[in-house]
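Step one of this worksheet: look at the structure below.
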Amino acid sequence: MSFPPEHEIFRRRFGRNLGLGLTLAAFVLLVFGLTVVKVTQVGHMLAAEKAATAAGKAP
Amino acid sequence: MTDTTTFKPATLPQAGEAGFGDYVALLKPRVMSLVVFTALVGLLVAPVPVHPFVGLAAILFIALGAGASGALNMWWDADIDAVMRRTAKRPVPSGRVAPGEALGLGLALSGIAVVMLWLAANAVAAGLLAFTIFFYAVVYSMWLKRSTPQNIVIGGAAGAFPPMIGWAVATGGVSLESLLMFALIFMWTPPHFWALALFMKEDYHKAGVPMLTVTHGRRATRVHVLVYTLLLVPVAVGIGFTQIGGPVYLAVSIALNAAFVVGAWRIWRRDEVQAEADSYAVEKRVFRFSLWYLFLLFGALLVERALQNFGLGGW
């Protein structure tokens, strides 16, 4: 069964695909942002640990 | 456009051809907004600061988990929804989304939400979210809703978990304050829903849902609204004396609880003749007020937290 291109189903399908695409893009950005924050936090923790160790060893 | 008068097979939404909005509707966005707000308050009033981006991600995943449980509920309750006027136009009973799709979406989003919350925050928050989804979808929807008039009382726990999850995101644990926020929503749910049930009586009766109005009658429901509102008061006011409370919250909670008790008392003293005479005006007013009640109480907690940043607020 074929539909003319202007049929409502095509519009509905396009809206669904667009919505899903934008949702996935937002999810990727969210995971990327979380990764940056987590890595930065671990970096800060390691730096603080290193500084504390160095201060402890200092004469 | 109505579903019956403009029926045309060529333009009828087909299963599997739903629009994006239909899938969003499966996630119960209005319920989600309450979940987002209470979880956000739980997260912000916690004594441990959270990185803003982690907080944002955590709230989004809590909302996603709540939405997933909504989709599972719509899948399971499609038969009930179809006969209730309030819910007949939902995506599954109206045929826009196939039941299997709703189930698949609910399960997939549940998994994603729990795993991502674990990665973004911690295992306690993720565990609480998983339990919340299980409680709402299985304990409430599949078991209690159709078997006991106390469905709203016990099932209300599902809606009460979000501030606890928000608190756990920040602190990694559970405390008296988070338990009291849970108790506040838990005790608020019965009078809120029973006020609704009083003026939506035909819906629940037609669907065969054993709401208190159907099983024990309307007089008993009015008594229950008053009793549960009275039980709610010490919980709501008690939060004012904890670490997250303070004078502002205490003043707001005393005023709101007094108004809620007056509303419940007005519901209790009326009979059906009086209620039908004014189209359940008091019941509708108390129902609407109960929404503001919860919003303003949690808002007052936020105000206390904001004041603490300026050396004010708290005890």
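Each principal axis of the Cα atoms in chain B has its own extent, and those three values, largest first, are 65, 52, 33 angstrom. Sorted on the mean count of surrounding Cβ atoms within 10 Å across their residues, most packed first, peptides A:19-31, B:178-190 read B:178-190, A:19-31. Within chain B, helices built from complete DSSP H runs that reach 27 Å or longer along their own axis (Cα positions) and carry a mean Kyte-Doolittle hydropathy of 0.5 or higher are B:52-76, B:99-120, B:151-171, B:176-199, B:217-238, B:247-269, B:281-308. Our helix-only sum for chain B, with -39,500 (n - 2.57) per DSSP H run of n ≥ 4 divided by its residues, gives a mean residue ellipticity at 222 nm of -23500 deg cm²/dmol. The label point for B:Gln308 and the one for A:Val37, both projected 7 Å from the Cα toward the Cβ, are 2.0 nm apart. For chain B, the relative contact order comes to 18 percent (Cα pairs under 8 Å, sequence separation of at least 6). Distance between the 7 Å Cα→Cβ label points at B:Trp268 and A:Leu20: 5.4 nm.
In this assembly, the B-A interface accounts for approximately 1600 Å² of buried accessible surface in total, computed with a 1.4 Å probe and without ligands, DNA or RNA.
For A:His7 and B:Ala88, the FRET efficiency from 1/(1 + (r/R0)^6), where r spans their Cβ atoms and R0 equals 35 Å, is about 0.85. Residues in chain B average 43 Å² of solvent-accessible surface per residue, probe 1.4 Å, ligands and nucleic acids excluded. Evaluated over the protein assembly as shown, the count of Lys pairs having alpha-carbon atoms less than 25 Å apart is 16 (only pairs 8 or more residues apart or interchain). Peptides B:209-217, B:65-73, B:154-162, B:142-150 ranked from most to least packed give B:65-73, B:154-162, B:209-217, B:142-150, packing being the mean of other C-beta atoms within 10 angstrom over each peptide's residues.
Once both labels are positioned 7 Å from their Cα atoms along Cα-to-Cβ, the gap between B:Val223 and B:Phe241 label points is 3.0 nm.
Note on B:Ala277 and A:Met45: with the Förster distance fixed at 56 Å, the Cβ-Cβ geometry gives a FRET efficiency of about 0.25.
The values are calculated or read from the model by the stated rules, or taken from the named source; none is laboratory data. Predicted, not measured: the structure shown is a model, and the values here were computed from it. No Cβ is skipped: glycine too gets one built from the backbone with ideal geometry, and neighbour counts run over all protein chains shown. In case anyone asks, the SASA skips ligands and DNA or RNA and just uses the protein heavy atoms, side chains included. Shrake-Rupley method; radii C 1.70, N 1.55, O 1.52, S 1.80 Å.
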